[in-house]
Amino acid sequence: MIKPILVHAMALSIAFGSFPDAIGKNGAVSSSSSHASQVGIDILKSGGNAIDAAIAVGFALSVTFPNAGNLGGGGFMVVRTADGDVSTIDFREVAPKSAHRDMYLDENGDVVSGMSLYTTHAAGVPGTVAGFGAAHEKYGTKSWNYMIRPAIKLASNGFKLSYRDAMYLNGSRSYFLRDKEAAKIFTEKDSYSVGDLFIQRDLARTLRRISIGGAEEFYTGITSDMIQRCMTRTGGVITKDDLANYKAVERDPIEFDYRGYTFYSMPPASSGGICMAEILNQLETISFDSVGYHSAEHIQPFVEAERRAYADRAEYLGDTDFVSVPISTLTSDSYAIERFSDYNPNAIIPSSQMGPGELVNFYESDETTHYSVVDKWGNAVSVTVTLNGKYGNGIVVDGAGFLLNNEMDDFSIKPGHPNKYGLVGKEANAVAPFKRMLSSMTPTIVDGPDDNLALVLGSPGGSTIITTVAQIAVNVIDFGMNIQDAVDSPRFHHQWLPDVVFYESNGFSEETLGRLHGNGYQFSEKSSIGEANCIQITPSGIKFAAADSRRAASALAY
Ligand code: DON
């Protein structure tokens, strides 16, 4: 693929390979679902701000994108207000009170296969509704029920399934059939097809209760009783006390500078901000100015910066409410210089000599969802939410119409044992009561050199999220791409262990791959990495919204 090269083009002019999906001067929304993006635009047009719209989009996604949009999961939100203040809301799930370090091990100390992913014990205490409640309390301008109304409508009147929606539902049929409540809702038809009307009455009732009772309803009202009933039915351990004790937490963002741009991203319980800072800080020690896009000289140092950041992730990162994480060191320029000082393009250090671990089979599937919103005042919101695996643990809360997550697998359930995404961890990310499991979600907002709002970024993709966001940023900042090109461009990924460079099929030249192979890298092809629904804002305030062309995502602007 030939890409226009215009160094630091954002400050100068915008280069177009492909035109962004949507362009507008007022507001923009990019999400995984056309219904949800439309809800966001409608809220903006009716005078709501970006945070109002983000809450409405989030609730809509719980209806129209149930494989990742959720009430029974969690996520992270970065908010930048028009005056440039940035904060984050951490609504990651927490381990229930009865959780303990070895809860996924048998009497011999071996991992019980699938327990942290496909059983009722896989669920953490959900955080999404509390997160949206906290965002509304701090930033909202429209009433709470105004934001939930469109989701209620989509659930009770139904929405037409897209080709992708139908494909997902049919593809997970056997998963749904494991749970009678899930089967009732998601296997009502033997096979779904594009254009089918999909109605979710139980979910509509739950949303209505939340809209009347506020976020607390989910944690202390009838919905919490329903969750408890589900736990009794399935032998789960989340209690009403666990729900009542859940709190979304406002945290300062991870802030760092990359070539004059200021990045704001998630602190722990996500590893996203720290790891991206580490990657970009290391890359800042070199220049891409005369480097060809996706040449070996571009990919190799990137991969090496990624390897080092993910090795640190496994060692140091965990919930800062439980372990102390050396955040300022890990995100400092001096640490990046030191960390990258052993990089020699002609003598790469394999991961096995950079830290402990084992090689694993690594795979990715699309189960998280990222959306970005910008309003006419310049407020911006970057949100990533997830159930972890597609449709979470596959268990629907009795009568409540929503799925529970399987986020507990993001803990290091045994030191060195790889999670679903092949990530390993140690003590810092061990299971403990009320602890948040380490995430890779990287919702990010970037200010330009003049402190103007420049980019709203994020993606699903498990462990690949961080490297996806970092590449998009570098595509824009170093290689002068507009956001659509930056998002659509093929991606690569290295996460320390396994010691392999993953890359998207057909995205890289034989010459580049051959040279990197010659330098000692192993490669593994993946059909697709991530779904980055992002927005770029020009210095004059025009919004370019990009829906990732890898999926049927939807960007709208006006
Ligand atoms: O928090 C995390 O890092 C994972 N639970 C995210 C899962 C994910 O992105 C799945 N989508 N591809």
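How would you order 190-203, 156-169, 539-552 from highest to lowest mean count of nearby Cβ atoms within 10 Å?
With the highest mean Cβ count within 10 Å placed first, the list reads 539-552, 156-169, 190-203.
Got a number for the accessible area of residue 285? Probe 1.4 Å, square angstrom, nearest 10.
Here the residue's solvent-accessible area equals roughly 70 Å².
Nearest-5 percent of antiparallel DSSP beta bridges in the chain?
90
Give the Rg/Rh ratio for the stretch 358-491, taking Rg as the radius of gyration of the Cα atoms and Rh as the Kirkwood radius, to two decimals.
Rounded to two decimals, Rg over Rh is 1.03.
Using the Cα centre of the stretch 443-528 as the reference point, and only Cβ charges (+1 on K/R, -1 on D/E), how large is the resulting charge dipole? Debye, rounded to the nearest 20.
Computed charge dipole of the stretch 443-528: roughly 300 debye.
What FRET efficiency do you get for residue 194 and residue 320 if R0 is 60 Å and r is their Cβ-Cβ distance, rounded to the nearest 0.05?
0.85
Determine the dipole magnitude for the chain: charges of +1 sit on the beta-carbon of Lys and Arg, -1 on that of Asp and Glu, nothing else is charged, the reference point is the Cα centre, and the result goes in debye to the nearest 20.
Rounded to the nearest 20 debye, it is 1860 debye.
Relative contact order, percent, of the stretch 16-173 when contacts are C-alpha pairs under 8 Å separated by at least 6 residues?
Here the relative contact order equals 25 percent.
For a 28 Å ceiling on Cα separation, which of these pairs sit above it: 247/426; 97/189; 390/526?
97/189
Tell me, in nm to one decimal, what length is gained between residue 183 and residue 244 on full extension, where the rule is 0.36 nm per residue of separation less the Cα-Cα distance?
19.1 nm
Please report, as a whole percent, how much of the solvent-accessible surface of the chain comes from carbon and sulfur atoms (probe radius 1.4 Å).
51
If packing is taken as the average count of other Cβ atoms within 10 Å, what order do 376-388, 126-138, 334-346 fall into, highest mean first?
Per-residue mean Cβ counts within 10 Å order the peptides as 376-388, 126-138, 334-346.
Can you sort 107, 511, 297 by solvent-accessible area, 1.4 Å probe, largest first?
The ordering from most to least exposed comes out as 107, 511, 297.
Determine the shape class of the stretch 399-451: with a ≥ b ≥ c the square roots of the Cα gyration tensor eigenvalues, call it rounded for a/c under 1.5, and otherwise prolate if a/b is greater than b/c, oblate otherwise.
Oblate shape, in that a/c is at least 1.5 and b/c is the bigger or equal ratio.
Based solely on C-alpha atoms, express the radius of gyration and the Dmax of the chain in angstrom.
Considering the chain through its Cα atoms, Rg and Dmax are 21.8, 63 Å.
I'd like the distance between the alpha-carbon centres of the stretch 392-450 and the stretch 179-222, rounded to an integer number of Å.
23
Explain nothing, just the number: relative contact order of the stretch 238-345, from Cα pairs under 8 Å at least 6 residues apart, as a whole percent.
The value is 27 percent.
For the chain, what's the relative contact order in percent, using C-alpha pairs closer than 8 Å and at least 6 residues apart?
Relative contact order of the chain: 27 percent.
Give, in nm to one decimal, the length gained when the segment between residue 225 and residue 170 is fully stretched (0.36 nm per residue of separation minus the Cα-Cα distance).
Gain on stretching residue 225 to residue 170: 16.7 nm.
Please check which bits of the stretch 387-421 a label hung off residue 106 would reach, taking the label as a point 7 Å along Cα-to-C-beta and the cut-off as backbone N under 17 Å.
414
Kirkwood Rh over alpha-carbon pairs of the stretch 10-165, then Stokes-Einstein at 37 °C and 0.692 mPa s: what D in µm² s⁻¹, rounded to an integer?
Result for D is 182 µm²/s.
So how much slack lies between residue 201 and residue 137, counting 0.36 nm per residue of separation and subtracting their Cα-Cα distance, in nm?
Gain in length upon complete extension: 20.3 nm.
What is the projected area of the convex hull of the Cα atoms of the stretch 26-81, averaged over all directions, in nm²?
Answer in nm², one decimal: 3.8.
Counting only other residues whose beta carbon sits under 9 Å from that of residue 459, what net charge do I get with K and R as +1, D and E as -1?
-2
Among all the aspartates and glutamates, which ones have a C-alpha under 18 Å from residue 138's C-alpha, if same-chain residues fewer than 8 places away are not counted?
Once the sequence-local aspartates and glutamates are set aside, what remains near residue 138 is 52, 83, 85, 90, 216, 250, 252, 375.
Can you give the local net charge around residue 557? Use residues other than it whose beta-carbon is closer than 9 angstrom to its beta-carbon, Lys and Arg +1, Asp and Glu -1.
Summing Lys and Arg as +1 and Asp and Glu as -1 gives +1.
Using mean Cβ contacts within 10 Å as the protection proxy, how do 56-65, 171-180, 233-242, 489-498 order, highest first?
Highest-to-lowest ranking by the protection proxy: 56-65, 489-498, 233-242, 171-180.
Per residue of the chain, what 222 nm ellipticity follows from adding -39500 (n - 2.57) for every DSSP H run with n ≥ 4, rounded to the nearest 500?
-10000 deg cm²/dmol
Can you give me the Rg/Rh ratio for the stretch 192-266, using Cα atoms for both radii and the Kirkwood formula for Rh?
Radius of gyration relative to Kirkwood radius: 1.21.
The values are calculated or read from the model by the stated rules, or taken from the named source; none is laboratory data. Just so it is clear, the model here is predicted, and its values are computed rather than measured. Every residue, glycine as well, gets a Cβ built from its backbone with ideal geometry; the counts of neighbours run over all protein chains shown. Remember, those area values only see protein heavy atoms, side chains included, never the ligands or the DNA or RNA. Shrake-Rupley method; radii C 1.70, N 1.55, O 1.52, S 1.80 Å.
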